[in-house]
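The values are calculated or read from the model by the stated rules, or taken from the named source; none is laboratory data. Keep in mind that this is a model prediction, so the values were computed, not measured. Virtual Cβ from ideal backbone geometry, glycine too; neighbours counted across all protein chains shown.
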Amino acid sequence: MASTTPTAPSITINGIKCPFTAGQTILQVANAAGIEIPQYCYHDGLSIVASCRICLCEVWTPNPKNGQLEPFMGGKLVPSCQQTVSAGMVVYSDSPKAIANQKAVMEYLLINHPLDCPVCDQSGECFLQDYSYQYGRGVSRFQEQKVKQPKKDLGEHVLLYSDRCIMCTRCVRFTREVTGTSELMVMGRGNKEEIDIFPGVPINNELSGNVIDLCPVGALLDKDFLFQQRVWFLKETASIDGLTASGDNIRIDHNEGRIYRIKPRINMQVNKWWITDEVRYGWKFVHSDQRLRTPMRKQYGVPTECDFSRAYELVVEGVKKAIGGGKRLGIMVSPMLSCEDAYLLASAARAIDPKAILAVGPVPMRGADKVVPAGADEKSPRAFKIHAEKAPNARGVRRVLKGIGGQAPLEYSDFLKALGQGTGASDIAAVIVTGNHPSAWTTSDLTIALGGKFLVLIDTLAGELVDRADIVLPGATWMEKSGTFENAGNRLQAFDRAIPVVEFARGEGQIGLDLLHLLGIGGEYEKAGATRASVYDALAIRRQMAAMHPELGVFGTEVSTPPSAIERPADMQVVEL
Ligand code: SF4
Ligand code: FES
């Protein structure tokens, strides 16, 4: 008997057949199929209120008795964001009736909207602007005075330009449903309606910046980005949070080597639609005046600038001299570094001293893990976890060092003991220390334990170890290089370089690679199938890691890579003049 394959249920939107799963709304099916239905108040991460009315569609459903299509709801327009689909439904967002509604809604929304696109930060990424081209009228029929509303300071990061607000209430729902803090509310009625905070309760929760992303118009603005850059000048690079263990998927917006802002990328397994403010605003150290920019060596006890070639020679000479007579090298790899950085630096350390001790640097913790909204189950779809661990890659560094050393690396406290903390006895005579933290990170414990050992410091910000180190090599922040981080959920995620590294600094992976080449063992990696790269290439290094160490095979199979270029569809057709 011939078997029949059940066909997936489908609906038709604007003549296009679209499969659906039970419970989806028309708008969700359209969004998944790439069919544009205008929408303001709807957001995948928030409850559905169907208040803006721009998504209304004409809907027909088959009569179960005879299969004939009949107008749904007596032919009234239906909010597509709220209406769940049923098999055989036929939907039009481009019928004369639906288009008439879109024009009416746009006209209504623009009645009191100021014509200030030229000075509005949202210009270029504004749904009101886009939809007014696509769905609005060409002219305004409104002759009267527009209602003027105030600008308000809502919190540490957020400004409100009230008269641009279209009352979609996305921001209000976010503070009620996602953070559970409910700072925002709708005040007043009719054309006097305004978004506001409750008296004395600014919106300063840990996720407050997300309301700026949620606002479909230029009403909620980022104080940090205000008037900094027109959005069409920004280049976008897909990246991963380099400050905490959460591994949030982010987009770095930059122009001419300068970072301007961080936005979330959607990843339902990691950060959903959101990022914390510490991830959004924590990147300022990248452009700090305190960045280390050139290698330095101690000359007559004074740190003196030198070039990388000389610094590398001095590193190898200095370490070999210090460990002569049976002593050892110790390398402390910071949890702020990528897996590739850890691999190349530890390989270089083992190439200088095959007995080199491998250790993980201090892992900063702040408070305890927290789930919002308060009391929510971590696994519930709306819950968002804020990690206390403020380093992106402690797990990845441990994994790599274990793969190279064959045993778990020393944790920071044990490394301090191995350096002689408390006893003064240690067989480590030379140390490579890496930092790359966004602020001062060294403690007096480390300085004391280092004693008079030969010290190579690889760091990004000038700290107290700079004067103490025999050689200083300036490193790169994660935004200035590519690599892989392993987050708190053991997810390996690759990130791309967004901007060039500052002045004469180099990525830590590049420094490790340079040392390996100086030691003349680059060729061994070549034999393992890796390219003999003298220029760091994260993908080639991951392949090399997987080929040379079976325990690191995951770097060949399980690293998720970001989209190489973030595509943005043009808002309008380009007109050839
Ligand atoms: S401020 Fe923005 S997000 Fe909030 S209701 Fe107004 S338009 Fe919507
Ligand atoms: S998106 Fe459907 S009513 Fe607003």
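What to note about this one:
- Looking only at segment 203-212, and only at residues there that are of a type outside the set (Gly, Ala, Ser) and within 15 Å of ligand 1 (Cβ to nearest atom), the one that is farthest from Trp273 (Cα to Cα): Ile203
- Neighbours by Cβ (under 6 Å, 6+ apart or cross-chain): first from segment 40-66, near ligand 2 (Cβ under 7 Å from one of its atoms); second modelled with pLDDT of 95 or more and among the aromatic types (Phe, Trp, Tyr): Cys52/Tyr40; Ile54/Tyr40
- Note on segment 243-255: residues that are outside any strand (DSSP E or B), closer than 19 Å to Gln269 by Cβ and not charged (D, E, K, R) total 4.
- Test: Pro474 is farther than 24 Å from Pro562 by Cβ and modelled with pLDDT of 95 or more: yes
- Checking Gly396, Gly420 one by one, the residue that is modelled with pLDDT under 95 and in the same structural domain as Ile357 (by TED's automatic domain parsing) is Gly420 and no other.
- Selected residue (criterion: modelled with the lowest pLDDT) from residues of segment 140-157 that are assigned to a loop (DSSP other than H, G, I, E, B), in contact with a strand residue (DSSP E or B) (Cβ under 7 Å, 6 or more places away or on another chain) and more than 10 Å from ligand 1 (Cβ to nearest atom): Gln149
- Test: residue in segment 318-326 that is surrounded by fewer than 21 Cβ atoms within 10 Å (Cβ to Cβ), in the same structural domain as Arg543 (by TED's automatic domain parsing) and touching a helix residue (DSSP H, G or I) at 6+ places or on another chain (Cβ under 9 Å): yes
- Helices (runs of 4 or more DSSP H) contained in segment 513-577 and holding at least 3 residues closer than 25 Å to Phe485 by Cα and modelled with pLDDT of 90 or more: 538-548, 554-557
- Residue check for Arg170: closer than 30 Å to Ala383 by Cα, among the basic types (Lys, Arg) and crowded, with 21+ Cβ neighbours inside 10 Å: yes
- Residues of segment 267-302 that are without any contact (Cβ under 8 Å) to a residue 40 or more places away in the chain, hydrophobic (A, V, I, L, M, F, W, C) and surrounded by fewer than 18 Cβ atoms within 10 Å (Cβ to Cβ): Met268, Val302.
- Asn205 fulfils the conditions (1) in contact (Cβ under 8 Å) with a residue 60 or more places away in the chain; (2) in a strand (DSSP E or B) except for a single criterion, (2).
Rundown of residues vs (1) surrounded by 16 or more Cβ atoms within 10 Å (Cβ to Cβ); (2) within 15 Å of ligand 1 (Cβ to nearest atom); (3) hydrophobic (A, V, I, L, M, F, W, C), yes/no style:
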| site | (1), (2), (3) |
| --- | --- |
| Glu183 | yes, yes, no |
| Arg189 | no, yes, no |
| Leu220 | yes, yes, yes |
| Trp232 | no, no, yes |
| Thr244 | yes, no, no |
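- Of the residues making up segment 147-188, those that are closer than 18 Å to Phe227 by Cα and in contact with a Phe, Trp or Tyr (Cβ under 6 Å, 6 or more places away or on another chain) number 1.
- Scope segment 459-505; condition basic (Lys, Arg) and at positive phi; matching residues: none
- Conditions (1) free of Cβ contacts under 8 Å to residues at least 12 places away in the same chain; (2) touching a helix residue (DSSP H, G or I) at 6+ places or on another chain (Cβ under 6 Å); number of the one not met by Val85: (1)
- Considering residues of segment 74-91 that are surrounded by fewer than 21 Cβ atoms within 10 Å (Cβ to Cβ), closer than 18 Å to Asn63 by Cβ and not β-branched (Val, Ile, Thr) only, the residue nearest to ligand 2 (Cβ to nearest atom): Lys76
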